[in-house]
Amino acid sequence: MTVESTAGRKPRRSAGTKSAASAGTTGTKSAASRSAGAAAKRSPGATGGEPELIQLLTPEGKRVKDATYDPYVADITPDDLRGLYRDMVLSRRFDAEATSLQRQGELGLWASMLGQEAAQIGSGRATRDDDYVFPTYREHGVAWCRGVDPTNLLGMFRGVNNGGWDPNGNNFHLYTIVIGSQTLHATGYAMGIAKDGADSAVIAYFGDGASSQGDVLEAFNFGAVYNAPVVFFCQNNQWAISEPTERQMRVPLYQRAQGFGFPGVRVDGNDVLACLAVTKWALERARSGEGPTLVEAYTYRMGAHTTSDDPTKYRADEEREAWEAKDPILRLRAYLEAAGHADETFFAELETESEALGKRVREVVRAMPDPDKFAIFENVYADGHALVDEERAQFAAYQASFADAAEGK
């Protein structure tokens, strides 16, 4: 497995300097890219028919040393590790509560992130406050890291708002339902901040299925040509609804980056430390003017694509059971316990906090007010429009007909 940059161009960004890793390497692979390839090849996480990938924590919770990526987690403290564990536990509890609420008829739909907590929390905690995040509709863990109240995520799925939070308040864009389109938005935004001279970066999330969309490939091309400070973070959870990855592509997903001229890296998506380290590396490349990176987080969707889907129709129980043994939360817990970084008091207190979060989510969702029926006509045009006024009047008459029917008119 190679993880290398084929981009030989100089950065077009107006601010920031090249990182030490890339200084003096214009026209060749950067030192970081060469090291990334070597690290991937020697990764101990791949056994048998499994793919080679970057890993810092084995499924059994044993720490693996890696010369390239260890520096990106060298300053992590036991408190930080407990924080990552807390993030994963609470985001999983929120996700489970949302699934239950949908089953009870409180939400119209829900897209679960079960099994993908490490990829989301690790990458989310790698971002800086001034970075901008473009999610799809499954990045509940990333939203947690960006400080978005989890209950705000549920308004759209309940049908009472169009998102529920100010994207600029947390530099976290509204959820995007159209598959893959957010990668173009992210690339355009990255091109803009580069022209403004900012030293921040952009990260765009998408799935393996979205990687087959034209919008994603266009974003790759624009990002490469303009050397945009963007990280493309793909959560390869093995299934695009009912379509397995082997029916979507003939080469490993991360290798697609080579054709566009920027590095691709495959990381163990169930290893929160590896996801944190690799994403930090990729974001630093972006900020220092080295352009895009494709990060493929190799993980698994433990549940359904959405609550309207039945995964038992297209995948075997044995497959899920094999991935359950790689559970990202159990993996970090094993490491915390073995290293003496967490005791039963910590886990008990976290369980209490988890119960409180679940209770709050249920209460908030059931108390959400119905939306204003006429809000859909607002902000369609900046200065209003005669056709919208006509449609609003027609809708008002339609609504009034229900009142008339109730009164027997």
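The values are calculated or read from the model by the stated rules, or taken from the named source; none is laboratory data. Keep in mind that this is a model prediction, so the values were computed, not measured. Virtual Cβ from ideal backbone geometry, glycine too; neighbours counted across all protein chains shown. Note: areas computed on protein heavy atoms with side chains; ligands, DNA, RNA excluded. Shrake-Rupley method; radii C 1.70, N 1.55, O 1.52, S 1.80 Å.
Points to keep in mind about this one:
- Flag for D95 being touching a Ser or Thr at 6+ places or on another chain (Cβ under 8 Å), within 22 Å of D268 (Cα to Cα) and not in a loop (DSSP other than H, G, I, E, B): yes
- Residue match in segment 250-257 (condition: among the charged types (D, E, K, R) and open to solvent by 10 Å² or more (accessible area, probe 1.4 Å)): yes
- Put simply, of A382, A367 the only residue that is open to solvent by less than 80 Å² (accessible area, probe 1.4 Å), over 30 Å from R82 (Cβ atoms) and of a type outside the set (K, R) is A367.
- Selection count where residues are within 16 Å of N168 (Cβ to Cβ) and open to solvent by less than 10 Å² (accessible area, probe 1.4 Å), scope segment 135-147: 2
- Within segment 384-409, the residues that satisfy the criterion of being within 25 Å of V160 (Cα to Cα) and assigned to a loop (DSSP other than H, G, I, E, B) are G384, H385.
- Qualifying position, being over 26 Å from R360 (Cα atoms) and at pLDDT below 95, among S211, S200, S181: S211
- Residue in segment 200-209 that is surrounded by fewer than 24 Cβ atoms within 10 Å (Cβ to Cβ), aliphatic (A, V, I, L, M) and touching a residue at least 24 places away in the same chain (Cβ under 8 Å) present: no
- Matching residues, segment 302-353, being aliphatic (A, V, I, L, M), assigned to a helix (DSSP H, G or I) and either touching a Pro at 6+ places or on another chain (Cβ under 9 Å) or surrounded by 15 or more Cβ atoms within 10 Å (Cβ to Cβ) (or both): I329, L330, L332, A334, L336, A339, L350
- Condition check for R256: over 17 Å from P59 (Cβ atoms), of a type in the set (D, E, K, R), in a helix (DSSP H, G or I) and touching a residue at least 12 places away in the same chain (Cβ under 8 Å): yes
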